[in-house]
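Data block below; observations after.
The values are calculated or read from the model by the stated rules, or taken from the named source; none is laboratory data. For clarity, every value in this text was computed on a predicted model and none was experimentally measured. Here the Cβ positions follow ideal geometry from the backbone for every residue, glycine too, while neighbour counts run over all protein chains shown.
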């Protein structure tokens, strides 16, 4: 009779118990999924031999068809778990053109030598082994048959998140567990497998949903879409993107939809050395909505994150049970991101259609609120036509789910820019930060309020925190510079704006802010050039026309200033023009009575430009001693 295979093996400080399916390092158990364990077991039972890839796959997956990627993924996980340094394969040696060789000397351990110690270790880790097996079930790269029918884009995020979580778990496990470090990750925009068949809505929707999923834990900081969306190009180097984003890990993936199926590949990459910690192909037709709950729970277990009860509830809650509503919401987000009036109005229709299908869809109400309140800021829409609707949508969202940090941040800005309710605005901003300290939008909202109130040092700190969380967002970078300008730190503001414009040369708000700095330093020609470019790239936003007139006036060219003023007044007979913009030209011309008259009209119409600028902008310094100006500030509760 053939002798039975030994059960216990030792090599370089490791002990592998085949019967108990446990790997110990210096007596401490290490977590392995079943197939990773099988891979290591096959290696230790054949030390020193060159093992062909086909033989390995047949031994580890005897009843399944798999690709070499499955084997490569297992080996990559083992190398990291065993502690191999990048480029130094001391345990598993790659034999080019053939396969792999397990290099360490392996010693078999008899039962007498092992005593009862290994048995105890195996018993104590039984629960851990079962948990890992349960997780591995969700990692199968083969099609899964389930009941029901929903869009695959809703559920596929869950599978990816679980796989990523296991990879991140293995990457982080070797660190000290006494303190839970905060890790930084960027999910790069998914790219089309076939360029001409790209689906931007699906690609960015998948990216944004995965960002949201992974952002629910305070132990992980995930860069928001506003920072990562610039990396949509198929030629983008993910490691370089990770360095620019200042993160430790990046998720890089490709995706394509064919009918009701999705095909994609995903990699988790360590930015420091480019090592792929995990890679997985998916070709799935998923069919069950409720699987998101189970997947979310397993993500937390795999990451070994400590969540409070509120975070755990947020991790597994369902935004909607209606797949069609979810698809409409993704369409709305895709349109809103363009931030031009026709697309924002299109997003309003999509969000409303999603709400019509599911009146309890809180995030659809949140999208509706954000789109409404962006219109007066970016598109010269009357505040009284947009903000009441925005507030109603935000209130409805919080009525459904009061824990939405993004909605509290939106309400903070509405109470600041439209209601002039400074106490209420601060409460909402602090609530948003308390709910999600890593939400850049929350810190931006608080910084805007602090700046409005003249608390510039605090605004600068909050603005810097917002930029730290969302480092490549042009608006976050520009606002940080604006706060420095308000504080009189013009050279610092200029330096930061120059870097922002290197990243986004046509970002009109940065050009407008740089022009403000130039005006304060008497560089009128430079300011005019920047403002003309801002006007072109903004689609003739009237704030740019206003600042052009203001600058010509300060430079002594009254005819050009009057031309800009006339243009604004003509436009005001055709559509809404913020009165603040007309007041600014009169301010440059030194016509104080007219400037104050138009500022009073701005107060009457709740002009959104008043809150951020009327108290903080040094352009109004000459009028601050005027009793009418003081009365304006009093009406706004600023005095």
Item to check | Failed item, numbered, when residue 242 is tested on (1) within 24 Å of residue 468 (Cα to Cα); (2) over 17 Å from the mean Cα position of the chain (by Cα); (3) at pLDDT 75 or above | outcome: (2)
Item to check | Qualifying position, being over 20 Å from residue 489 (Cβ atoms) and in a helix (DSSP H, G or I), among 426, 458 | outcome: 426
Checklist entry - On the given criteria, is residue 576 outside the structural domain of residue 422 (by TED's automatic domain parsing) and closer than 26 Å to residue 557 by Cβ? => result no
Checklist entry - Is it true that some residue in region 374-386 is crowded, with 21+ Cβ neighbours inside 10 Å and within 21 Å of the chain's Cα centre (by Cα)? => result no
Checklist entry - What do you reckon, is residue 349 without any contact (Cβ under 8 Å) to a residue 40 or more places away in the chain, surrounded by fewer than 18 Cβ atoms within 10 Å (Cβ to Cβ) and either within 23 Å of residue 541 (Cα to Cα) or touching a helix residue (DSSP H, G or I) at 6+ places or on another chain (Cβ under 7 Å) (or both)? => result no
Checklist outcome for this item: Of 411, 448, 398, 439, the only residue that is touching a helix residue (DSSP H, G or I) at 6+ places or on another chain (Cβ under 7 Å) and farther than 26 Å from residue 486 by Cβ is 398
